[in-house]
Amino acid sequence: MKAAHGRVVALHYTLTDDLGVQLDSSRGHEPFVYLHKFGSIIPGLENALEGREAGFSSSIPVSPADGYGEYNPQAVFEAPRGQFPPDENIQVGMRVQGEGAQGMLNFTVVGVNDQVVVLDANHPMAGKNLHFAVDVLEVRDATAQELAHGHVHARGHDH
Ligand SMILES: [Zn+2]
């Protein structure tokens, strides 16, 4: 069965950057499963998996535009230190949440002093060329309930 809109794909992947540094991997864990063409994974990976079947094994390069977006320097801004709990130990590299116009947003702390915290709203993988080494394990039709919900019902997710 080929990966297509409304089918569930199970795969293992290892994600590395241009230097070969591993950023993420499903290997050694449960396979990664997703509902194809429902916007749940980055377009560059999803497009490369279109029409693929169990047994497909490949290294897939993904540019920032087809991944987590270009790095936007204007998404770095200062917030008053007083917006954070005084006893919270804010450190560079931390991920923090804040409320934005569209709900909760995640930021990376890129600077901090007594007065301000410098926050970066870019995705941590924005601006990076990504390399996915994938092994497709299974492609199946989604159930009617999965299609209605727009996500996969796998182990640990049932309702
Ligand atoms: Zn559901």
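The single condition among (1) over 26 Å from E53 (Cα atoms); (2) open to solvent by less than 70 Å² (accessible area, probe 1.4 Å); (3) at pLDDT 95 or above that G98 does not meet is (3). If you scan segment 122-135, which residues turn out to be open to solvent by 20 Å² or more (accessible area, probe 1.4 Å) and on the phi < 0 side of the Ramachandran plot? Matches in segment 122-135: H123, P124, M125, K128, N129, H131, A133, D135.
Among the residues making up segment 45-66, those that are under 15 Å from H5 (Cβ atoms) and touching a His at 6+ places or on another chain (Cβ under 8 Å) are E46, L49, E50. Screening V8 on (1) farther than 20 Å from H131 by Cα; (2) touching a Phe, Trp or Tyr at 6+ places or on another chain (Cβ under 9 Å); (3) touching a residue at least 60 places away in the same chain (Cβ under 8 Å); (4) open to solvent by 80 Å² or more (accessible area, probe 1.4 Å) shows it passes everything except condition (4).
Taking segment 112-159 as the range and being free of Cβ contacts under 8 Å to residues at least 24 places away in the same chain and in contact with an Asp or Glu (Cβ under 6 Å, 6 or more places away or on another chain) as the test, only H153 passes.
Entry remark, segment 101-121: residues being at pLDDT below 90 and open to solvent by less than 30 Å² (accessible area, probe 1.4 Å) number 1 in total.
G67 meets the conditions (1) more than 21 Å from the chain's Cα centre (by Cα); (2) small (G, A, S); (3) more than 16 Å from the ligand (Cβ to nearest atom); (4) surrounded by 14 or more Cβ atoms within 10 Å (Cβ to Cβ) in every case but one. The failed one is (1). Between G28, G44, G69, the distinction of being in contact with a Ser or Thr (Cβ under 7 Å, 6 or more places away or on another chain) and not in a strand (DSSP E or B) belongs to G44 only.
The values are calculated or read from the model by the stated rules, or taken from the named source; none is laboratory data. This one's a predicted model, so the numbers in the text were calculated from it and none came from an experiment. All Cβ positions, glycine included, derive from the backbone under ideal geometry; neighbour counts span all protein chains shown. Heavy atoms of the whole protein, side chains included, go into the accessibility calculation; ligands, DNA and RNA do not. Shrake-Rupley method; radii C 1.70, N 1.55, O 1.52, S 1.80 Å.
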